[in-house]
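Below is one structure, written out as C-alpha cells; comments come after it.
The values are calculated or read from the model by the stated rules, or taken from the named source; none is laboratory data. Keep in mind the model is a prediction, meaning the values are calculated, not measured. Quick reminder, even Gly has a Cβ in these numbers, built from the backbone with ideal geometry, and neighbours come from all protein chains shown. Just so you know, the surface numbers come from the protein's heavy atoms only, side chains and all, with ligands and any DNA or RNA stripped out. Shrake-Rupley method; radii C 1.70, N 1.55, O 1.52, S 1.80 Å.
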Amino acid sequence: MNTQLIYHPGGKIDLVEKEAEFHSNITPGFYKIEENMVGHNMYVDTDIKIPKGTDLIVDQYIDRQYLNQFFSESSQKLHQDMNIPHKLGILLHGIPGTGKTTIAYALAQYYIHTQKAVVVTVKHISEYAYCTNFLRKIKENQGDFMSIIIFDECESSMSDNEDFMKRELDSSYSLSNNLNLFTTNYVQKIPEAIKDRKSRIKFCTEVLGVGDETAVFEILDSMNLNLETSTQLPYDKIKSMVTALVNKTLDEIKNSFVDESFEFNYVKRVLVPRTVIS
C-alpha cells in the first residue's frame, strides 16, 4: 500500500493511505518540540514575535542572496546528482541581547513565505534528535521540502554530544534540503571540529548590534505603534533617538524606548509638581 505519515499539530501521527500532497498535511510555519513523560510532541508555535525592521538586521549579518541560490531547485538537483546531502549550517554568536534568535526567526519566516519551509525550534539535544528523525521520516514518506531547525543556546548540547552532532551535521544520513540555524552566547564552548568545518557549519557569524539606521527607526516605530495613541511618543522624538542607537544591541534599543516612554508618560505627566490652593 502506498502510505504516508500524517502529522496533526499536537503530536499525533497517523500512517494512512497516500491521497494528498504534503502541504495538505503539515503546513509551512513555526513549530516547537516539548518533552513529556513518554517522549516528545511537536506543536504549532504561535508565540513567535518578530519586530518590524528585523529583515534589515538579517541582511546585515546573513548573505541572503547566497542562501537563495544554495536552496534553489538547480542547487538541489546538483546535490542529488552528486549524492550529497543538500544542507547548510549557520552559527550566530555574540553577547546576550544582540538579536541572534530574532534574526534566526526572521530569516526562517522569509523562507516560510518564499519556500514554504517547515521551521522547528529546539533547545536540547534530545529535541534535536527527535526533530531530525521526524523530519527525515516525513520527507521519505511524503516528498521533499525545505526544513529549518533553529537550535537556540546550543553550546552545552554540542560540547556534551560532539560525536552525535558531527554525525548529524556531516554524514550521508544528514537531513537534506535543511538549514540549521544555531545560536549561542558562548562560542568558545562550541567544539572546533563543528564550528570550523564548513560542511558542518558554513558560516560562523558574530552578531554585534543593529548597524542600519532604518532598522533602528522601524524597531522603535513598531514598538511605539503598539501603544495606545495617547501614550505614543511624538514622531520627532522617535527620529531623534535613532543616531545614538545605531550599532546598539536589540535589547539596548528596546530598553531605550521603554525608558523614553516611561519618562514621557509617567515622570512628566504624573509626577508634576502639585499646585497648592490656599
Check: N25 is checked against (1) open to solvent by less than 20 Å² (accessible area, probe 1.4 Å); (2) at pLDDT below 90 and fails just one. What number does that condition carry?
Finding: (1)
Notebook entry, point to check: For the range 145-188, what are the residues that are part of a helix (DSSP H, G or I), without any contact (Cβ under 8 Å) to a residue 60 or more places away in the chain and among the aliphatic types (A, V, I, L, M)?
Noted result: M158, M165
Next item on the list: Could you check the range 35-130 for strands (runs of 3 or more DSSP E) lying wholly inside it with 3 or more residues that are touching a residue at least 40 places away in the same chain (Cβ under 8 Å) and at negative phi?
Entry: 87-93, 118-122
Notebook entry, point to check: Can you tell me which of K100, K77, K116 is open to solvent by 10 Å² or more (accessible area, probe 1.4 Å) and within 23 Å of T205 (Cβ to Cβ)?
Noted result: K100
Next item on the list: Report, by residue number, each residue of the range 155-179 that is open to solvent by 50 Å² or more (accessible area, probe 1.4 Å), out of contact with any helix residue (DSSP H, G or I) (no Cβ under 8 Å at 6 or more places or on another chain) and of a type in the set (G, A, S).
Entry: S172
Next item on the list: For A193, work out the one condition from (1) among the small types (G, A, S); (2) in contact (Cβ under 8 Å) with a residue 40 or more places away in the chain; (3) in a helix (DSSP H, G or I); (4) surrounded by fewer than 16 Cβ atoms within 10 Å (Cβ to Cβ) it doesn't fulfil.
Entry: (2)
Item checked: Candidate set from the range 213-257 (those that are assigned to a helix (DSSP H, G or I) and basic (K, R)); member that is farthest from the chain's Cα centre (by Cα) -> K237
Check: Inside the range 29-63, can you point out the residues that are within 25 Å of Y128 (Cβ to Cβ), surrounded by 12 or more Cβ atoms within 10 Å (Cβ to Cβ) and under 14 Å from the mean Cα position of the chain (by Cα)?
Finding: G29, F30, Y31, K32, D45, I48, I50, T54, V58, Y61, I62
Checklist line | Yes/no for G89 being open to solvent by less than 40 Å² (accessible area, probe 1.4 Å) and over 20 Å from Y31 (Cβ atoms) | finding: no
Item checked: Test: E155 is farther than 19 Å from I48 by Cα and within 18 Å of the chain's Cα centre (by Cα) -> yes
Next item on the list: Scan (1) surrounded by fewer than 19 Cβ atoms within 10 Å (Cβ to Cβ); (2) touching a strand residue (DSSP E or B) at 6+ places or on another chain (Cβ under 6 Å) for the single condition N133 breaks and write down its number.
Entry: (2)
Item checked: Flag if D152 is open to solvent by 40 Å² or more (accessible area, probe 1.4 Å) and out of contact with any Pro (no Cβ under 9 Å at 6 or more places or on another chain) -> no
